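J.: Let me begin by handing over the structure; questions about it come next.
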Amino acid sequence: MKLVTWNTQWCRGLDGRVSPERIVEHARALADFDVLCLQEIAQGHEGLDGAPGDQPAQLRLLLPGFALFFGAAVDGFSADGRRQRFGNLIATRLPVAQVQHHALPWPADGAVSSMPRMCSVVTVHDPVLGALRIMTTHLEYYSAVQRLAQARALHTLHGEACERAAAPPLPGEPGTPFEPMTHTAQAVLCGDFNCGADSPEYALLKQGAEAARLHDVWPLVHGAVAQSPTFRVFDRRYGPEPLACDFVFVSAALAPRVRHVRVDGLTQASDHQPVAVELA
């Protein structure tokens, strides 16, 4: 299974041009992906630079043969009643078992600007790996308090899913909301975590019993070599030094199956760099 994750900045490149087509083109050049996880996808936020329009609809046309699932962390309305949504999108050509969207904590922090955050989870069936949960998220940038609370919630979500896989609920009637569902401890958690590998949020995500522990794929492949930066590589408005903050974590059972991981450090189609992972 090949996966690409990318914070797209509503598909706005460093040249100021908004282009979902360019995002898909560069992602395909990076990997023949089975799963594409995108953060910062906009729908109706015409106040954003480049007036992005309905990007879930645009991406659906660009990805024939893929099922697309858009999770809106921000879901509001303009003064004239038009819906304004902003969040994460998962596209996959693998069979899908179920979809969940989880709002993440948003504790008060009046000292900074912030917005709601969420995690989308799509359970797929890979012909080699079996059932696994694809989780993608984008944590708060400006508030360390909120970011740590959100990382803790992600850790809890994965832990609860592992517990359900070990002790699934009794099956209900088919065709009802209580019908049997797919429960699996296998998971991929990816996205923009807005923190480095030396942060408490990163350390928290890797805690827990071994069976439910999450592993960063980069050191699994590259050992002690630091991950290539994914943010502030070309645009230094948010800080003087490049930073690796876009990560891919896998559950314990998937860790031995990670074959490749790389960062595209050349594209300027967003202010973040995409990350590609292959599991086999």
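The values are calculated or read from the model by the stated rules, or taken from the named source; none is laboratory data. Nothing here was measured: the structure is a model prediction, and the numbers come from that model. Counting neighbours? That spans all protein chains shown, and the Cβs are built from the backbone with ideal geometry, glycine included. Quick note on the areas: whole protein, heavy atoms, side chains included, nothing else; ligands and nucleic acids left out. Shrake-Rupley method; radii C 1.70, N 1.55, O 1.52, S 1.80 Å.
J.: Can you give me the P(r) profile for region 97-153? Cα pairs, bins 10 angstrom wide beginning at 0, each as a whole percent.
T.: In whole percents, the pair-distance histogram is 23, 39, 22, 12, 3.
J.: Quick one: with all protein chains in place, what share of the accessible area of region 175-278 is carbon or sulfur, to the nearest percent (1.4 Å probe)? Provide the component values of the computation, followed by the final result.
T.: On the way: 2660 of 4660 Å².
C and S fraction of accessible area: 57 percent.
J.: Quick one: putting +1 on the C-beta of Lys and Arg, -1 on the C-beta of Asp and Glu, what dipole do you get for region 1-80 around its Cα centre, in Debye to the nearest 20?
T.: Working: 6 positive and 11 negative charges, 55 e Å.
Rounded to the nearest 20 debye, it is 260 debye.
J.: Using the crude model of +1 on Lys and Arg Cβ and -1 on Asp and Glu Cβ, and no other charge, please compute the dipole size for region 109-214 relative to its Cα centre, in debye to 20.
T.: It comes to approximately 120 debye.
J.: Could you calculate the contour length gain from residue 29 to residue 78, that is, 0.36 nm times the residue separation minus the distance between their Cα atoms, to one decimal place in nm? Please report the intermediate quantities before stating the final value.
T.: On the way: separation 49, 0.36 × 49 = 17.64 nm, distance 3.67 nm.
Extending this stretch completely gives an extra 14.0 nm.
J.: Between residue 97 and residue 253, what is the label-to-label distance in nm when each label sits 7 Å out along the Cα-to-Cβ direction?
T.: The two pseudo-label positions are separated by 0.9 nm.
J.: Still on this model: With equal scatterers on the alpha carbons only and no solvent term, can you work out the Debye log10 of I(q)/I(0) for region 5-80 at 0.12 1/Å?
T.: Those come out to -0.33, one per q.
J.: Sorted from largest down, what three extents in whole angstroms do the Cα atoms of region 77-116 have along their principal axes?
T.: 43, 29, 12
J.: Taking every eigenvalue of the Cα gyration tensor of region 29-120, multiplying by 5 and rooting it, what semi-axes result, largest first, whole Å? Could you put the intermediate results ahead of the total?
T.: Numbers: eigenvalues 128, 60, 30 Å².
Working through the eigenvalues yields semi-axes of 25, 17, 12 Å.
J.: Compare the peptides 75-84, 259-268 by average per-residue count of other Cβ atoms within 10 angstrom and give them in order, highest first.
T.: Listed from highest to lowest mean packing, they are 259-268, 75-84.
J.: Give, in whole angstrom and from largest to smallest, the semi-axes √(5λ) of the equivalent ellipsoid of region 35-193, with λ running over the eigenvalues of the Cα gyration tensor. Mind showing how you got there, number by number?
T.: Values: eigenvalues 159, 88, 42 Å².
Over the Cα atoms of region 35-193, the semi-axes work out to 28, 21, 14 Å.
J.: Now for a different question. Which cross-chain or sequence-distant (5 or more) residues have an amide H under 5 Å from the amide H of residue 131, H modelled 1.01 Å from N in plane?
T.: 126
J.: Ordered by residue, what ³J(HN,Hα) values in Hz, to whole numbers, does region 150-157 give under the Karplus form 6.51 cos²θ - 1.76 cosθ + 1.60, where θ = phi - 60° and Gly and Pro are x?
T.: Using θ = phi - 60°, the values come out as 6, 4, 5, 5, 4, 4, 5, 4 Hz.
J.: Which whole-number percent of Cα pairs in region 134-280 have a distance greater than 25 Å?
T.: Values: 3682 of 10731 pairs.
Distances greater than 25 Å cover 34 percent of the Cα pairs.
J.: Could you give me the radius of gyration and the Dmax of region 192-251, taking only the C-alpha atoms into account and expressing both in angstrom?
T.: 12.6, 40
J.: Starting from the amide H of residue 84, placed 1.01 Å from N in the peptide plane, find each other amide H under 5 Å away whose residue is 5 or more places distant or on another chain.
T.: Distant-sequence amide H within range of residue 84: 76, 77, 78.
J.: Taking a virtual spin label 7 Å from the Cα of residue 241 along the C-beta vector, which residues in region 176-196 bring their backbone nitrogen under 20 Å of it?
T.: 193-196
J.: What is the gain in length, in nm to one decimal, between residue 51 and residue 226 on full extension, counting 0.36 nm per residue of separation less the C-alpha to C-alpha distance? Show your work: numbers first, answer last.
T.: Numbers: separation 175, 0.36 × 175 = 63.00 nm, distance 3.65 nm.
Using 0.36 nm per residue and subtracting the Cα-Cα distance, I get 59.4 nm.
J.: If you wrap a convex hull around the alpha carbons of the chain, what volume per residue comes out, as a whole number of Å³? Before the final figure, lay out each step's value.
T.: On the way: hull volume 40.2 nm³, N = 280.
Considering the Cα atoms of the chain, their hull volume per residue is 143 Å³.
J.: Further, regarding this structure: Given R₀ = 51 Å, what would the calculated FRET efficiency be for residue 198 paired with residue 67, taking r from the Cβ atoms and rounding to 0.05? Show your work: numbers first, answer last.
T.: Values: r = 37 Å, r/R0 = 0.72.
Calculated value: 0.90.
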